[in-house]
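Here's the structure we're looking at; comments come further down.
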Amino acid sequence: MTPISHYLILGAILFAVGMFGVLTRRNSIGILISIEIMLGAVNLNLVAFSRFAETSTLNGQVFAVFVMTVAAGEAAVGLALILALYRSVRTVFADKFNILKW
Amino acid sequence: MSWTDLFSASLAFKLLGLVAVVFAVMAVTLKNIFHCALSLAAMFFALSGVFVLLDADFLAVVQILIYVGAIVILMIFAIVLTERITSEAIKQTNQLLVPASILCAALLGAFIYVIRGAGWSAQVPVVQKETIKVIGRQLLSTHVEAFEVASVLLLAALVGAVFLGKEITKK
């Protein structure tokens with residue numbers, strides 16, 4: 001069996017890649033894509049701990065189900081917000097969204 | 001853990017992990033946002049393969065259903081609804097490129113340092129075969145409050161998405 005540290009390092013790499021995307025993307029849909037990558041990395045960690053720490057209750061997998069629920073809601077609301085913003089600003093680039101400033 | 005332990009990983013894990021990381025990097029760096037969404041779908045396929053290696057069969061299927069089947073499709077809808085400006089010439093990254101890479105590399109280094117330094121126990125508990133049964137029981141017994149809150153959250157997200165997505169007509 002592959003040791004747990006390999007799974008955790010894979011999760012860490014995916015999380016760092018996702019964070020890089022969140023920090024550098026201009027396209028707000030790209031930012032949402034990067035956030036989904038980060039959530040997937042967190043899910044991987046939860047499932048790995050659920051396999052290697054305690055398998056009788058599967059708490060980690062239940063938590064991962066909740067993370068997926070929140071991710072689905074977040075994607076739906078986020079994309080609806082982007083569409084609503086696109087209607088008023090006619091762009092999806094995050095550095096053009098300054099209509100809340102004053 | 002030492003670097004020689006890297007060879008103790010199974011071939012399937014190495015392949016799936018490599019595919020997942022490559023597609024994740026593609027999803028955050030490609031210029032065409034449509035290709036990014038497709039790379040995200042491929043990354044979630046590889047990640048669900050890793051879930052299968054971790055004996056989480058239910059989560060692997062749910063991951064494909066929800067992420068590839070719903071979220072990526074939603075994103076593609078949003079892309080084709082908004083992108084009249086998807087040309088290769090438009091700059092896709094902001095001015096934070098260098099600081100962000102340094103920060104993420106530092107974060108990754110810290111993660112790997114901590115993970116390698118922690119003393120993980122070598123023994124692996126017995127595999128839980130009835131994952132669906134146990135997850136269902138857990139959802140409706142131990143985590144029933146969280147389950148209800150999640151259903152309210154999904155309802156709120158649904159109503160909010162419909163409200164935000166609706167064309168607001170000036171009276």
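The values are calculated or read from the model by the stated rules, or taken from the named source; none is laboratory data. Not measured: the values here are computed from a predicted model. Quick reminder, even Gly has a Cβ in these numbers, built from the backbone with ideal geometry, and neighbours come from all protein chains shown.
Residue check: is B:Lys31 modelled with pLDDT of 90 or more and of a type in the set (Lys, Arg)? Break it down into steps so the answer makes sense when it comes.
On the way: modelled with pLDDT of 90 or more: no; of a type in the set (Lys, Arg): yes.
Here the answer is no, as B:Lys31 does not meet what is asked.
Report yes if some residue within the stretch B:36-59 is over 14 Å from the mean Cα position of the chain (by Cα), more than 7 Å from chain A (Cβ to nearest Cβ) and within 16 Å of A:Thr24 (Cα to Cα); otherwise report no.
no
Quick check on A:Leu8: is it more than 7 Å from chain B (Cβ to nearest Cβ), among the hydrophobic types (A, V, I, L, M, F, W, C) and within 16 Å of B:Phe51 (Cα to Cα)?
Details: more than 7 Å from chain B (Cβ to nearest Cβ): no; among the hydrophobic types (A, V, I, L, M, F, W, C): yes; within 16 Å of B:Phe51 (Cα to Cα): yes.
No: the conditions fail for A:Leu8.
Of all residues in the stretch A:52-78 being over 22 Å from B:Ile90 (Cβ atoms) and more than 8 Å from every other protein chain (Cβ to nearest Cβ), which is surrounded by the fewest Cβ atoms within 10 Å (Cβ to Cβ)?
Going through the stretch A:52-78, the residues over 22 Å from B:Ile90 (Cβ atoms) turn out to be A:52-77.
Subsequent filtering for residues that are more than 8 Å from every other protein chain (Cβ to nearest Cβ) retains A:60, A:63, A:67.
Working: A:Gly60: 22, A:Phe63: 20, A:Val67: 15.
Of everything passing the filter in the stretch A:52-78, A:Val67 is surrounded by the fewest Cβ atoms within 10 Å (Cβ to Cβ).
Residues checked against (1) buried (at least 22 other Cβ atoms within 10 Å of the Cβ); (2) in contact with a helix residue (DSSP H, G or I) (Cβ under 6 Å, 6 or more places away or on another chain):
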{"site": "A:Leu32", "(1), (2)": "yes, yes"}
{"site": "A:Ile37", "(1), (2)": "yes, yes"}
{"site": "A:Ser50", "(1), (2)": "yes, yes"}
{"site": "A:Ala80", "(1), (2)": "no, yes"}
{"site": "A:Arg90", "(1), (2)": "no, no"}
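Could you tell me whether the stretch A:22-29 includes any residue that is within 7 Å of another protein chain (Cβ to nearest Cβ) and in contact with a Phe, Trp or Tyr (Cβ under 8 Å, 6 or more places away or on another chain)?
yes
Looking at B:Phe77, B:Phe111, which is the one that is in contact with a helix residue (DSSP H, G or I) (Cβ under 8 Å, 6 or more places away or on another chain) and in the same structural domain as B:Asn32 (by TED's automatic domain parsing)?
Numbers: B:Phe111 fails: in the same structural domain as B:Asn32 (by TED's automatic domain parsing).
Result of the check over B:Phe77, B:Phe111: B:Phe77.
Answer yes if at least one residue in the stretch B:102-112 is farther than 20 Å from A:Leu14 by Cβ, facing chain A (nearest Cβ under 7 Å) and assigned to a helix (DSSP H, G or I), and no otherwise. Walk me through it before giving the result.
Kept after step one, since they are farther than 20 Å from A:Leu14 by Cβ, are these residues of the stretch B:102-112: none.
Within the stretch B:102-112, none of the residues are farther than 20 Å from A:Leu14 by Cβ, facing chain A (nearest Cβ under 7 Å) and assigned to a helix (DSSP H, G or I).
B:Gln63: polar (S, T, N, Q), in contact with a Gly (Cβ under 9 Å, 6 or more places away or on another chain) and crowded, with 19+ Cβ neighbours inside 10 Å, yes or no?
Details: polar (S, T, N, Q): yes; in contact with a Gly (Cβ under 9 Å, 6 or more places away or on another chain): yes; crowded, with 19+ Cβ neighbours inside 10 Å: yes.
The answer is yes for B:Gln63.
Kindly indicate the residue of the stretch B:113-135 that is closer than 11 Å to A:Thr57 by Cα and without any contact (Cβ under 8 Å) to a residue 40 or more places away in the chain and also nearest to the other protein chains (Cβ to nearest Cβ) among those meeting that condition.
B:Val134
Which ones in the stretch B:113-123 are out of contact with any Leu (no Cβ under 8 Å at 6 or more places or on another chain) and either surrounded by 11 or more Cβ atoms within 10 Å (Cβ to Cβ) or part of a helix (DSSP H, G or I) (or both)? Even if it seems obvious, please write down each step before you answer.
To start, the set of residues in the stretch B:113-123 that are out of contact with any Leu (no Cβ under 8 Å at 6 or more places or on another chain) comprises B:113-114, B:116-123.
Result: B:Tyr113, B:Val114, B:Arg116, B:Gly117, B:Ala118, B:Trp120.
Out of curiosity, is A:Ile31 assigned to a helix (DSSP H, G or I) and in contact with a strand residue (DSSP E or B) (Cβ under 7 Å, 6 or more places away or on another chain)? Before you say what the answer is, go through the steps one by one.
Working: assigned to a helix (DSSP H, G or I): yes; in contact with a strand residue (DSSP E or B) (Cβ under 7 Å, 6 or more places away or on another chain): yes.
Criteria met by A:Ile31.
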